[in-house]
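Colleague: Pasting in a structure now, in structure tokens, and then I'll have a few things to ask.
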Protein chains: 2
Amino acid sequence: MTSESINLTTALSAFDALWSPRIVTRVNDYDVRIAKVAGEHIWHAHDDTDEFFLVLDGELRIALREEGGERTVTLPAGSVFVVPRGVEHKPSSQAGAAILMFEPTGTPTVGDRHEPVPARIDNTTGHVLGGPASG
Amino acid sequence: MTSESINLTTALSAFDALWSPRIVTRVNDYDVRIAKVAGEHIWHAHDDTDEFFLVLDGELRIALREEGGERTVTLPAGSVFVVPRGVEHKPSSQAGAAILMFEPTGTPTVGDRHEPVPARIDNTTGHVLGGPASG
């Protein structure tokens, strides 16, 4: 981790891959991750952790399967949302977005339960920003 | 906590108090807090937790007392920094800033060790956004 401040716009310009989060820094045993997204992720759930989303640019939608049925939360740039643990969700962004996430280190992008993972989705616990997996 | 997305600009417009964080949402046992700041905080240290800062608007400076001496990290809007646990630090913003923080629920704003707390600094573990302590 760097001991200098990190500009998120610069950090985002360091990679192009979609649905492939980069770890920009750590807070105790949590990661702060950023990702570029476009199109649809997959339905998945994290059984043991909430997941925090902040939209840095563009608009993100998060479809949720809750007790009462299915609904979609819309997050314009500058808004935040927490998906509670255990809730099946599917992020998407028709026109593309840049997002910041806060979640325990080691949390897989596809959760503990998920649909089959297509090639467009990176099944990862996050890549180090600027590391060899960047692209 | 709301089950809708939260717009940070709207949330910031709900209060005016400086150095008095509002809890916008929770992630497991962590708070996501926002604050308006201007002028100087006080030297303090959190012995048991790192502290994450994201600058939403304006510019924040964080003075640090490290082994090698004292230095100041500058965070323009859109940049992030983590103060490691145990490190004495003093945030400040000459022209004012809006910031977002991640830290464990219950973390006091003045840390575990600190200078005397002047009236301009709110010694708190964060107020609920829109709650009776807002102002």
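Colleague: Can you give the average number of partner chain beta-carbon atoms within 10 Å of each beta-carbon in peptide A:9-19, as a whole number? Before the final figure, lay out the partial values.
Modeller: Numbers: counts 4, 2, 3, 1, 0, 0, 0, 0, 0, 0, 0.
So the per-residue partner count for this stretch is 1.
Colleague: Quick one: 3J(HN,Hα) in Hz for the range B:77-93, Karplus 6.51/-1.76/1.60 with θ = phi - 60°, rounded, Gly and Pro as x.
Modeller: After applying 6.51 cos²θ - 1.76 cosθ + 1.60, I find 3, x, 10, 10, 7, 10, 7, x, 3, x, 8, 5, 8, 9, x, 7, 7 Hz.
Colleague: Run the quick spin-label model on B:Trp43 and A:Ala119: label points 7 Å from Cα toward the beta carbon, then report their separation in nm to one decimal.
Modeller: Computed distance between label sites B:Trp43 and A:Ala119 equals 5.9 nm.
Colleague: Distance from the Cα centre of the range B:56-91 to that of the range A:1-31, in angstrom?
Modeller: 17 Å
Colleague: I've got another one for you. Determine which lysines satisfy two conditions relative to B:Lys36: a Cα distance under 21 Å, and not lying fewer than 8 residues away in the same chain.
Modeller: Answer for B:Lys36, where 21 Å is the Cα cut-off: B:Lys90, listed by chain and number.
Colleague: Report, by chain and number, residues whose modeled amide H sits under 5 Å from the one on A:Glu103, excluding near sequence neighbours (fewer than 5 apart, same chain).
Modeller: Answer set, sorted by chain and number: A:Asp31, A:Arg33.
Colleague: Shape of the protein assembly as shown from its Cα gyration tensor (a ≥ b ≥ c, root eigenvalues): rounded if a/c is under 1.5, otherwise prolate when a/b > b/c, or oblate? Write down the numbers at each step before the final one.
Modeller: Details: a/c = 1.92, a/b = 1.50, b/c = 1.28.
Taking the square roots of the gyration eigenvalues as a ≥ b ≥ c, the protein assembly as shown is prolate.
Colleague: Going 7 Å from the Cα of A:Asp16 toward and past its Cβ, which residues in the range A:91-133 have a backbone nitrogen under 18 Å from where you end up?
Modeller: From the range A:91-133, the list is A:96-98, A:120-122, A:130-133.
Colleague: Out of every Cα pair in chain B, what percent are spaced more than 27 Å from each other?
Modeller: On the way: 1123 of 9045 pairs.
That tail contains 12 percent of the Cα-Cα pairs.
Colleague: Provide the packing ranking of B:96-105, A:14-23, B:109-118, i.e. peptides ordered by the mean count of other C-beta atoms within 10 Å per residue, highest first.
Modeller: Peptide ranking by packing, descending: B:96-105, A:14-23, B:109-118.
Colleague: Kindly state, as a whole number, the per residue volume in cubic angstrom of the convex hull around the alpha carbon atoms of the range B:67-135. Working shown, then result.
Modeller: On the way: hull volume 9.9 nm³, N = 69.
Normalising the Cα hull of the range B:67-135 by residue number yields 143 Å³.
Colleague: Follow-up question, since we're still on this one. Suppose each label sits 7 Å from its Cα in the direction of the beta carbon; what would the A:Asp112-A:Arg85 distance come out to in nanometres?
Modeller: Result: 0.8 nm between the two label points.
Colleague: Taking H as built 1.01 Å from N, whose amide H comes closer than 5 Å to the amide H of A:Val27, not counting residues under 5 places away?
Modeller: HN-HN under 5 Å from A:Val27: A:Val32.
Coordinate-derived values only; no laboratory data. All values derive from a computational prediction rather than experimental measurement. Quick reminder, even Gly has a Cβ in these numbers, built from the backbone with ideal geometry, and neighbours come from all protein chains shown.
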